[in-house]
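Enquirer: The structure is given below, and queries will be raised subsequently.
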Ligand code: M6R
(Lines give C-alpha, C1' and ligand atoms only; values in the text may rest on other atoms or scores of the structure.)
Protein backbone atom coordinates (compact mmCIF):
# COMPACT_ATOMS: atom_id res chain seq x y z
CA UNK A 1 0.00 0.00 0.00
CA UNK A 2 0.86 3.68 -0.01
CA UNK A 3 1.36 3.71 3.75
CA UNK A 4 1.44 7.22 5.13
CA UNK A 5 1.81 8.71 1.64
CA UNK A 6 -0.97 10.18 -0.46
CA UNK A 7 0.26 8.63 -3.71
CA UNK A 8 2.48 5.74 -4.75
CA UNK A 9 4.68 8.24 -6.56
CA UNK A 10 5.41 10.12 -3.33
CA UNK A 11 6.02 6.88 -1.44
CA UNK A 12 8.44 5.76 -4.14
CA UNK A 13 10.25 9.11 -4.13
CA UNK A 14 10.73 8.78 -0.37
CA UNK A 15 12.01 5.21 -0.69
CA UNK A 16 15.02 6.41 -2.64
CA UNK A 17 17.60 6.60 0.17
CA UNK A 18 16.88 2.96 0.96
CA UNK A 19 16.68 1.55 -2.56
CA UNK A 20 19.71 3.48 -3.82
CA UNK A 21 21.59 2.04 -0.89
CA UNK A 22 20.33 -1.46 -1.81
CA UNK A 23 21.55 -0.93 -5.38
CA UNK A 24 24.95 0.24 -4.12
CA UNK A 25 25.28 -2.75 -1.82
CA UNK A 26 25.25 -5.07 -4.83
CA UNK A 27 28.60 -3.68 -6.04
CA UNK A 28 30.25 -1.23 -3.67
CA UNK A 29 32.71 -2.39 -1.02
CA UNK A 30 32.57 0.45 1.51
CA UNK A 31 35.66 -0.65 3.46
CA UNK A 32 38.19 -0.47 0.64
CA UNK A 33 36.12 1.90 -1.56
CA UNK A 34 36.11 -0.26 -4.65
CA UNK A 35 33.50 -1.61 -7.03
CA UNK A 36 33.15 -5.31 -7.73
CA UNK A 37 31.07 -6.02 -10.80
CA UNK A 38 29.38 -9.41 -11.01
CA UNK A 39 31.19 -11.90 -13.22
CA UNK A 40 30.22 -11.20 -16.82
CA UNK A 41 30.21 -13.73 -19.68
CA UNK A 42 32.46 -11.43 -21.76
CA UNK A 43 35.67 -9.50 -21.16
CA UNK A 44 35.02 -5.85 -20.33
CA UNK A 45 38.68 -5.03 -20.97
CA UNK A 46 38.20 -6.06 -24.62
CA UNK A 47 35.23 -3.74 -25.22
CA UNK A 48 36.07 -0.95 -27.68
CA UNK A 49 32.68 0.71 -28.09
CA UNK A 50 29.48 0.91 -26.11
CA UNK A 51 25.88 1.45 -27.12
CA UNK A 52 23.11 2.19 -24.68
CA UNK A 53 19.51 1.67 -25.78
CA UNK A 54 16.32 2.45 -23.86
CA UNK A 55 13.05 4.43 -23.84
CA UNK A 56 11.69 7.29 -21.76
CA UNK A 57 13.19 7.81 -18.33
CA UNK A 58 15.46 4.79 -18.82
CA UNK A 59 16.85 6.54 -21.92
CA UNK A 60 17.72 9.56 -19.77
CA UNK A 61 19.54 7.30 -17.29
CA UNK A 62 21.48 5.98 -20.28
CA UNK A 63 22.20 9.54 -21.38
CA UNK A 64 23.84 10.27 -18.01
CA UNK A 65 25.81 7.02 -18.29
CA UNK A 66 27.26 8.18 -21.62
CA UNK A 67 29.02 11.05 -19.81
CA UNK A 68 30.19 8.70 -17.05
CA UNK A 69 31.54 5.93 -19.27
CA UNK A 70 33.27 8.37 -21.61
CA UNK A 71 34.85 10.17 -18.66
CA UNK A 72 35.76 7.27 -16.40
CA UNK A 73 36.48 4.50 -18.92
CA UNK A 74 37.42 6.66 -21.95
CA UNK A 75 35.31 4.46 -24.23
CA UNK A 76 33.13 5.92 -27.00
CA UNK A 77 29.43 5.61 -26.14
CA UNK A 78 26.38 6.08 -28.31
CA UNK A 79 22.96 6.39 -26.70
CA UNK A 80 19.82 5.61 -28.66
CA UNK A 81 16.09 5.68 -28.23
CA UNK A 82 15.08 2.07 -28.86
CA UNK A 83 12.34 2.88 -31.40
CA UNK A 84 14.80 4.92 -33.50
CA UNK A 85 17.64 2.44 -33.18
CA UNK A 86 15.69 -0.64 -34.25
CA UNK A 87 14.39 0.73 -37.54
CA UNK A 88 17.62 2.47 -38.44
CA UNK A 89 19.26 -0.95 -38.61
CA UNK A 90 22.68 0.54 -37.87
CA UNK A 91 25.84 -1.28 -38.95
CA UNK A 92 27.81 -2.56 -35.97
CA UNK A 93 31.29 -3.98 -35.65
CA UNK A 94 31.42 -7.31 -33.85
CA UNK A 95 32.30 -7.42 -30.14
CA UNK A 96 30.78 -4.11 -29.17
CA UNK A 97 28.90 -3.96 -25.90
CA UNK A 98 25.20 -3.08 -26.05
CA UNK A 99 23.51 -2.07 -22.79
CA UNK A 100 19.71 -2.10 -22.45
CA UNK A 101 18.02 -0.22 -19.64
CA UNK A 102 14.43 -1.01 -18.69
CA UNK A 103 12.56 -0.84 -15.40
CA UNK A 104 9.93 -3.35 -16.53
CA UNK A 105 12.21 -5.41 -18.73
CA UNK A 106 9.26 -5.74 -21.12
CA UNK A 107 9.35 -2.59 -23.26
CA UNK A 108 8.68 -3.75 -26.84
CA UNK A 109 11.10 -1.46 -28.66
CA UNK A 110 13.93 -2.08 -26.19
CA UNK A 111 13.42 -5.84 -26.51
CA UNK A 112 13.46 -5.61 -30.33
CA UNK A 113 16.70 -3.61 -30.16
CA UNK A 114 18.21 -6.26 -27.87
CA UNK A 115 17.33 -9.01 -30.35
CA UNK A 116 18.80 -6.98 -33.21
CA UNK A 117 22.08 -6.47 -31.32
CA UNK A 118 22.37 -10.15 -30.48
CA UNK A 119 21.89 -11.04 -34.14
CA UNK A 120 24.60 -8.54 -35.02
CA UNK A 121 27.34 -9.96 -32.83
CA UNK A 122 27.11 -7.58 -29.87
CA UNK A 123 27.61 -8.55 -26.26
CA UNK A 124 24.40 -7.71 -24.45
CA UNK A 125 24.00 -6.50 -20.90
CA UNK A 126 20.70 -5.37 -19.45
CA UNK A 127 19.82 -3.26 -16.43
CA UNK A 128 16.37 -4.19 -15.25
CA UNK A 129 14.25 -3.83 -12.17
CA UNK A 130 12.21 -6.97 -12.79
CA UNK A 131 14.62 -9.93 -12.54
CA UNK A 132 12.46 -12.49 -14.36
CA UNK A 133 11.58 -10.12 -17.23
CA UNK A 134 12.01 -10.93 -20.92
CA UNK A 135 14.84 -8.43 -21.43
CA UNK A 136 16.73 -9.89 -18.45
CA UNK A 137 16.26 -13.42 -19.75
CA UNK A 138 17.26 -12.67 -23.34
CA UNK A 139 20.42 -10.69 -22.61
CA UNK A 140 23.75 -12.37 -21.91
CA UNK A 141 23.93 -10.79 -18.47
CA UNK A 142 21.56 -8.72 -16.34
CA UNK A 143 22.25 -6.25 -13.55
CA UNK A 144 19.39 -5.68 -11.13
CA UNK A 145 18.45 -2.19 -10.03
CA UNK A 146 16.90 -3.36 -6.72
CA UNK A 147 14.27 -0.61 -6.59
CA UNK A 148 11.43 -2.97 -5.59
CA UNK A 149 8.05 -2.78 -7.35
CA UNK A 150 7.35 0.63 -8.89
CA UNK A 151 3.61 1.27 -9.07
CA UNK A 152 3.44 4.97 -10.06
CA UNK A 153 3.42 5.37 -13.84
CA UNK A 154 5.98 8.15 -13.47
CA UNK A 155 9.31 6.47 -12.89
CA UNK A 156 11.24 7.79 -9.89
CA UNK A 157 13.10 5.24 -7.77
CA UNK A 158 13.71 3.09 -10.85
CA UNK A 159 15.60 6.04 -12.37
CA UNK A 160 17.89 6.80 -9.42
CA UNK A 161 18.69 3.11 -8.93
CA UNK A 162 19.47 2.80 -12.65
CA UNK A 163 21.83 5.75 -12.27
CA UNK A 164 23.44 4.15 -9.23
CA UNK A 165 24.08 0.85 -11.00
CA UNK A 166 25.31 2.68 -14.11
CA UNK A 167 27.77 4.71 -12.02
CA UNK A 168 29.14 1.47 -10.56
CA UNK A 169 29.32 -0.05 -14.03
CA UNK A 170 31.20 2.98 -15.38
CA UNK A 171 33.70 2.66 -12.52
CA UNK A 172 34.10 -1.06 -13.23
CA UNK A 173 34.64 -0.29 -16.91
CA UNK A 174 37.16 2.40 -16.00
CA UNK A 175 39.11 -0.17 -14.05
CA UNK A 176 38.87 -2.70 -16.86
CA UNK A 177 40.19 -0.23 -19.45
CA UNK A 178 42.81 1.15 -17.09
CA UNK A 179 41.52 4.70 -17.52
CA UNK A 180 40.49 5.11 -13.87
CA UNK A 181 43.12 5.23 -11.13
CA UNK A 182 42.62 3.49 -7.80
CA UNK A 183 42.57 6.92 -6.09
CA UNK A 184 39.86 8.23 -8.41
CA UNK A 185 37.86 5.05 -7.89
CA UNK A 186 38.11 5.44 -4.11
CA UNK A 187 36.99 9.09 -4.30
CA UNK A 188 33.92 8.33 -6.40
CA UNK A 189 33.07 5.32 -4.25
CA UNK A 190 33.16 7.52 -1.16
CA UNK A 191 30.80 10.02 -2.82
CA UNK A 192 28.50 7.21 -3.94
CA UNK A 193 28.35 5.70 -0.48
CA UNK A 194 27.23 9.07 0.90
CA UNK A 195 24.55 9.63 -1.73
CA UNK A 196 21.67 7.90 0.14
CA UNK A 197 22.20 10.29 3.08
CA UNK A 198 22.37 13.29 0.72
CA UNK A 199 19.10 12.18 -0.95
CA UNK A 200 17.49 11.97 2.50
CA UNK A 201 18.59 15.58 3.15
CA UNK A 202 16.90 16.74 -0.06
CA UNK A 203 13.72 14.85 0.87
CA UNK A 204 13.60 16.81 4.12
CA UNK A 205 13.24 19.95 1.97
CA UNK A 206 10.00 18.66 0.46
CA UNK A 207 7.99 21.59 1.86
CA UNK A 208 10.29 24.14 0.21
CA UNK A 209 9.82 22.41 -3.12
CA UNK A 210 6.05 22.37 -2.61
CA UNK A 211 6.16 26.15 -2.20
CA UNK A 212 8.18 26.54 -5.42
CA UNK A 213 5.66 24.27 -7.18
CA UNK A 214 2.76 26.61 -6.37
CA UNK A 215 4.37 29.22 -8.62
CA UNK A 216 4.61 26.78 -11.51
CA UNK A 217 1.17 25.18 -11.46
CA UNK A 218 -0.32 28.14 -13.37
CA UNK A 219 2.28 28.12 -16.14
CA UNK A 220 1.43 27.01 -19.66
CA UNK A 221 5.01 26.21 -20.62
CA UNK A 222 8.09 25.43 -18.56
CA UNK A 223 11.70 25.26 -19.72
CA UNK A 224 14.40 23.13 -18.11
CA UNK A 225 18.12 23.81 -18.63
CA UNK A 226 21.24 21.89 -17.69
CA UNK A 227 24.76 21.12 -18.91
CA UNK A 228 26.81 17.95 -18.86
CA UNK A 229 25.04 15.32 -16.80
CA UNK A 230 22.66 18.11 -15.73
CA UNK A 231 21.25 18.08 -19.25
CA UNK A 232 19.68 14.59 -19.07
CA UNK A 233 18.39 15.52 -15.61
CA UNK A 234 16.72 18.56 -17.19
CA UNK A 235 15.19 16.24 -19.82
CA UNK A 236 13.96 13.91 -17.08
CA UNK A 237 12.50 16.85 -15.14
CA UNK A 238 10.60 18.03 -18.20
CA UNK A 239 9.29 14.52 -18.90
CA UNK A 240 8.13 14.11 -15.28
CA UNK A 241 6.31 17.45 -15.38
CA UNK A 242 4.48 16.85 -18.66
CA UNK A 243 3.60 13.28 -17.75
CA UNK A 244 1.78 14.01 -14.53
CA UNK A 245 0.84 17.72 -14.59
CA UNK A 246 0.09 17.98 -18.35
CA UNK A 247 2.01 21.25 -18.50
CA UNK A 248 4.07 21.60 -21.65
CA UNK A 249 7.72 21.33 -20.65
CA UNK A 250 10.89 21.20 -22.68
CA UNK A 251 14.50 20.73 -21.78
CA UNK A 252 17.52 22.15 -23.52
CA UNK A 253 21.23 21.86 -23.08
CA UNK A 254 21.96 25.28 -21.57
CA UNK A 255 24.42 26.08 -24.35
CA UNK A 256 21.63 25.70 -26.91
CA UNK A 257 19.64 28.56 -25.38
CA UNK A 258 20.98 31.14 -27.83
CA UNK A 259 20.25 28.85 -30.76
CA UNK A 260 16.51 29.21 -30.50
CA UNK A 261 14.70 28.63 -27.20
CA UNK A 262 15.67 32.02 -25.77
CA UNK A 263 12.95 33.44 -28.05
CA UNK A 264 10.38 31.78 -25.77
CA UNK A 265 11.49 33.60 -22.63
CA UNK A 266 9.16 36.10 -21.02
CA UNK A 267 7.83 36.55 -17.51
CA UNK A 268 5.22 33.83 -17.94
CA UNK A 269 7.74 31.03 -18.58
CA UNK A 270 9.35 29.45 -15.53
CA UNK A 271 12.88 28.26 -16.29
CA UNK A 272 14.15 25.45 -14.07
CA UNK A 273 17.95 25.35 -14.00
CA UNK A 274 20.01 22.36 -12.87
CA UNK A 275 23.36 23.85 -11.89
CA UNK A 276 25.61 22.07 -9.38
CA UNK A 277 29.02 23.63 -8.76
CA UNK A 278 31.24 21.85 -11.26
CA UNK A 279 33.61 22.87 -14.06
CA UNK A 280 30.66 24.05 -16.19
CA UNK A 281 29.06 26.15 -13.45
CA UNK A 282 30.13 29.55 -14.87
CA UNK A 283 28.76 28.71 -18.31
CA UNK A 284 25.33 27.83 -17.00
CA UNK A 285 25.35 30.81 -14.60
CA UNK A 286 25.85 33.13 -17.58
CA UNK A 287 22.88 31.50 -19.33
CA UNK A 288 20.84 32.22 -16.20
CA UNK A 289 21.91 35.86 -16.49
CA UNK A 290 20.61 35.93 -20.08
CA UNK A 291 17.27 34.44 -19.06
CA UNK A 292 16.84 36.84 -16.13
CA UNK A 293 17.69 39.82 -18.38
CA UNK A 294 14.70 38.84 -20.56
CA UNK A 295 12.31 38.64 -17.63
CA UNK A 296 12.42 34.84 -17.26
CA UNK A 297 11.41 33.44 -13.87
CA UNK A 298 14.35 31.24 -12.94
CA UNK A 299 14.13 28.46 -10.38
CA UNK A 300 17.77 27.69 -9.60
CA UNK A 301 18.80 24.29 -8.21
CA UNK A 302 22.40 24.42 -7.06
CA UNK A 303 24.43 24.12 -3.85
CA UNK A 304 25.23 26.84 -1.29
CA UNK A 305 28.39 27.89 -3.12
CA UNK A 306 26.63 28.00 -6.49
CA UNK A 307 23.82 30.16 -5.13
CA UNK A 308 26.22 32.54 -3.37
CA UNK A 309 28.29 32.96 -6.52
CA UNK A 310 25.30 33.77 -8.73
CA UNK A 311 24.87 37.47 -9.47
CA UNK A 312 21.63 37.19 -11.45
CA UNK A 313 18.40 37.86 -9.52
CA UNK A 314 16.57 34.58 -9.72
CA UNK A 315 12.92 34.06 -8.79
CA UNK A 316 13.71 31.24 -6.38
CA UNK A 317 16.61 28.99 -5.59
CA UNK A 318 17.27 25.93 -3.56
CA UNK A 319 20.60 24.87 -2.09
CA UNK A 320 21.13 21.13 -2.31
CA UNK A 321 23.99 19.48 -0.40
CA UNK A 322 27.39 19.90 -2.12
CA UNK A 323 28.48 16.64 -3.67
CA UNK A 324 31.17 15.37 -6.01
CA UNK A 325 30.09 16.51 -9.50
CA UNK A 326 30.27 12.90 -10.71
CA UNK A 327 27.39 11.83 -8.46
CA UNK A 328 25.43 15.12 -8.70
CA UNK A 329 22.94 13.84 -11.32
CA UNK A 330 21.67 11.21 -8.86
CA UNK A 331 20.99 13.92 -6.28
CA UNK A 332 19.52 16.49 -8.69
CA UNK A 333 16.97 13.94 -9.91
CA UNK A 334 15.19 14.28 -6.56
CA UNK A 335 14.06 17.95 -6.66
CA UNK A 336 12.76 17.64 -10.23
CA UNK A 337 10.68 14.62 -9.22
CA UNK A 338 9.26 16.42 -6.18
CA UNK A 339 8.60 19.55 -8.21
CA UNK A 340 6.60 17.63 -10.83
CA UNK A 341 4.74 15.80 -8.06
CA UNK A 342 3.69 18.95 -6.23
CA UNK A 343 2.70 20.77 -9.41
CA UNK A 344 0.50 17.79 -10.35
CA UNK A 345 -1.09 17.69 -6.88
CA UNK A 346 -1.74 21.45 -7.09
CA UNK A 347 -3.46 20.90 -10.44
CA UNK A 348 -5.46 17.96 -9.12
CA UNK A 349 -4.40 15.44 -11.76
CA UNK A 350 -4.32 11.67 -11.25
CA UNK A 351 -0.68 11.45 -10.21
CA UNK A 352 -0.27 7.68 -10.14
CA UNK A 353 -2.34 6.97 -13.25
CA UNK A 354 -1.85 9.90 -15.64
CA UNK A 355 -4.14 9.99 -18.66
CA UNK A 356 -3.17 8.12 -21.83
CA UNK A 357 -0.15 6.42 -20.25
CA UNK A 358 0.63 2.80 -19.38
CA UNK A 359 3.25 1.71 -16.88
CA UNK A 360 4.79 -0.72 -19.27
CA UNK A 361 4.75 -0.17 -23.04
CA UNK A 362 4.68 -3.73 -24.39
CA UNK A 363 3.30 -2.78 -27.81
CA UNK A 364 5.08 -0.28 -30.01
O1 LIG B 1 10.10 -0.15 -18.27
P2 LIG B 1 10.98 0.79 -19.04
O3 LIG B 1 12.07 1.37 -18.22
O4 LIG B 1 11.53 0.14 -20.30
O5 LIG B 1 10.04 1.95 -19.50
C6 LIG B 1 10.49 2.98 -20.32
C7 LIG B 1 9.52 4.12 -20.38
O8 LIG B 1 8.27 3.67 -20.86
C9 LIG B 1 9.32 4.79 -19.01
O10 LIG B 1 10.52 5.20 -18.44
C11 LIG B 1 8.39 6.01 -19.14
O12 LIG B 1 9.01 7.01 -19.88
C13 LIG B 1 7.98 6.48 -17.73
N14 LIG B 1 6.55 6.64 -17.65
C15 LIG B 1 8.64 7.77 -17.35
O16 LIG B 1 8.22 8.25 -16.12
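The values are calculated or read from the model by the stated rules, or taken from the named source; none is laboratory data. Just so it is clear, the structure is predicted and the values come from calculations on it, not from any experiment. Positions of Cβ are backbone-derived with ideal geometry, glycine not excepted, and every protein chain shown enters the neighbour counts.
Enquirer: Go through 106, 84, 70 for me and flag whichever is without any contact (Cβ under 8 Å) to a residue 24 or more places away in the chain and within 16 Å of the ligand (Cβ to nearest atom). Before the answer, list the steps.
Expert: Numbers: 106 fails: without any contact (Cβ under 8 Å) to a residue 24 or more places away in the chain; 70 fails: within 16 Å of the ligand (Cβ to nearest atom).
On inspection, the qualifying residue turns out to be 84.
Enquirer: Which residue is nearest to residue 2 (Cα to Cα), if the candidates are limited to the range 346-361 and must be part of a loop (DSSP other than H, G, I, E, B) and more than 9 Å from the ligand (Cβ to nearest atom)?
Expert: Pass one, the range 346-361, residues part of a loop (DSSP other than H, G, I, E, B): 348-361.
Going one step further and asking which of them are more than 9 Å from the ligand (Cβ to nearest atom), we end up with 348-353, 355-356.
Details: 348: 18, 349: 17, 350: 15, 351: 13, 352: 11, 353: 14, 355: 20, 356: 23 Å.
Among them, the one singled out is 352.
Enquirer: Something else now. Tell me the residue from 201, 243 that is loosely packed, with under 15 Cβ neighbours inside 10 Å and at pLDDT 95 or above, please. Write out each step before concluding.
Expert: Values: 243 fails: loosely packed, with under 15 Cβ neighbours inside 10 Å.
Result: 201 is the single residue among 201, 243 that is loosely packed, with under 15 Cβ neighbours inside 10 Å and at pLDDT 95 or above.
Enquirer: For the range 205-240, which residues satisfy the criterion of being surrounded by 22 or more Cβ atoms within 10 Å (Cβ to Cβ) and out of contact with any helix residue (DSSP H, G or I) (no Cβ under 7 Å at 6 or more places or on another chain)?
Expert: Once the filter is applied, which keeps residues that are surrounded by 22 or more Cβ atoms within 10 Å (Cβ to Cβ) and out of contact with any helix residue (DSSP H, G or I) (no Cβ under 7 Å at 6 or more places or on another chain), the range 205-240 yields 231, 234, 238.
Enquirer: Here's another thing I want to ask about it. Does any residue of the range 298-319 turn out to be away from the ligand (no atom under 16 Å from the Cβ), closer than 30 Å to residue 109 by Cβ and either in contact with a helix residue (DSSP H, G or I) (Cβ under 9 Å, 6 or more places away or on another chain) or free of Cβ contacts under 8 Å to residues at least 60 places away in the same chain (or both)? I'd like the intermediate steps shown before the answer.
Expert: Of the residues in the range 298-319, the ones away from the ligand (no atom under 16 Å from the Cβ) are 298-319.
Remaining after also requiring closer than 30 Å to residue 109 by Cβ: none.
Scanning the range 298-319 turns up no residue that is away from the ligand (no atom under 16 Å from the Cβ), closer than 30 Å to residue 109 by Cβ and either in contact with a helix residue (DSSP H, G or I) (Cβ under 9 Å, 6 or more places away or on another chain) or free of Cβ contacts under 8 Å to residues at least 60 places away in the same chain (or both).
Let's see how each residue does on (1) buried (at least 17 other Cβ atoms within 10 Å of the Cβ); (2) within 28 Å of residue 195 (Cα to Cα); (3) at pLDDT 95 or above:
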{"site": "3", "(1), (2), (3)": "no, yes, no"}
{"site": "7", "(1), (2), (3)": "yes, yes, yes"}
{"site": "13", "(1), (2), (3)": "yes, yes, yes"}
{"site": "17", "(1), (2), (3)": "yes, yes, yes"}
{"site": "27", "(1), (2), (3)": "yes, yes, yes"}
{"site": "49", "(1), (2), (3)": "no, no, yes"}
{"site": "64", "(1), (2), (3)": "yes, yes, yes"}
{"site": "91", "(1), (2), (3)": "no, no, no"}
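Enquirer: Further, regarding this structure: Quick one: is residue 169 within 15 Å of the ligand (Cβ to nearest atom) and either within 21 Å of residue 36 (Cβ to Cβ) or in contact with a helix residue (DSSP H, G or I) (Cβ under 9 Å, 6 or more places away or on another chain) (or both)?
Expert: On the way: within 15 Å of the ligand (Cβ to nearest atom): no; either within 21 Å of residue 36 (Cβ to Cβ) or in contact with a helix residue (DSSP H, G or I) (Cβ under 9 Å, 6 or more places away or on another chain) (or both): yes.
Answer is no for this residue.
For every residue, the table says whether it meets (1) without any contact (Cβ under 8 Å) to a residue 24 or more places away in the chain; (2) more than 27 Å from residue 286 (Cβ to Cβ); (3) over 20 Å from the mean Cα position of the chain (by Cα).
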| site | (1), (2), (3) |
| --- | --- |
| 172 | no, yes, no |
| 189 | no, yes, no |
| 192 | no, yes, no |
| 200 | no, yes, no |
| 204 | yes, yes, yes |
| 225 | no, no, no |
| 229 | no, no, no |
| 237 | no, no, no |
| 248 | no, no, no |
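Enquirer: Then there is this: Let me confirm something: among 326, 299, 292, which residue is surrounded by 16 or more Cβ atoms within 10 Å (Cβ to Cβ) and closer than 30 Å to residue 186 by Cβ? Lay out the reasoning, then the answer.
Expert: Numbers: 299 fails: closer than 30 Å to residue 186 by Cβ; 292 fails: closer than 30 Å to residue 186 by Cβ.
The conditions single out 326.
Enquirer: Another question, if that's okay. Can you name the helices (runs of 4 or more DSSP H) wholly within the range 54-156 that have at least 2 residues being over 23 Å from residue 174 (Cα atoms) and more than 21 Å from the chain's Cα centre (by Cα)?
Expert: Working: elements: 56-73, 82-88, 108-119, 134-138.
Result: 82-88, 108-119, 134-138.
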